[in-house]
């Protein structure tokens, strides 16, 4: 009976491991404001790798249209000491605009990881020295461009004048936003969307926590444990 009890305990432990599925790992901060010397000022997408975790950043813009303009190409810009923004690389008249929403309509930066992470904190830099006044920022889940009104897409919104967006319990004042537990994930994507002109705002850093799936938890181990219990108990 004691052996059967021990086997039962082992079996329950394996089942618990299989059910839990995910284990939190290291906390990683991407410092976009201080990338290595020689980093390109503008790229179609940018990829950052930390250990086995890969992050891809892409950009979208709408240029006064209702939807992203297919005739224009947006790229992810980099300004040393500020961070990442959006640059329109096909309209030469505004090619110097590279902050998120640099007075050319609404813009969006998309941060996509190659696997689920737990989002911890995101920080911004206001290079225009407006103290974020008047701008409205949205953190979004997956969805269409600027789809902040659909239920489940909007993580938070905030601006300088409203001190975090009146009536939104998940809002915090800029330049730093700490993800509350019910908005942190795990998930593999967030979007930063700006619905206003003249913001001059860059994403300066992003902190996430890795998520691992234990390999030993498998159906094979569950089967072995079950057979062992049946053998010991004579059933």
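What's the exposure ranking of 77, 151, going from fewest to most Cβ atoms within 10 Å?
Taking fewest neighbouring Cβ atoms as first place, the list is 151, 77.
So how do 140, 53 line up by other beta-carbon neighbours within 10 Å, fewest first? Display every interim value, and only then the final one.
Working: 140 24, 53 18.
Ranking 140, 53 by Cβ neighbours within 10 Å, fewest first, gives 53, 140.
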Q: Arrange the following residues from fewest to most other Cβ atoms within 10 Å of their Cβ: 86, 211.
A: 211, 86
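Computed from the coordinates by the stated procedures, all read-outs in this text should not be read as laboratory data. Note that the coordinates shown come from a computational prediction; the quantities given were computed from them, not determined experimentally. Glycine gets a Cβ as well: all are built from the backbone with ideal geometry, and neighbour counts include every protein chain shown.
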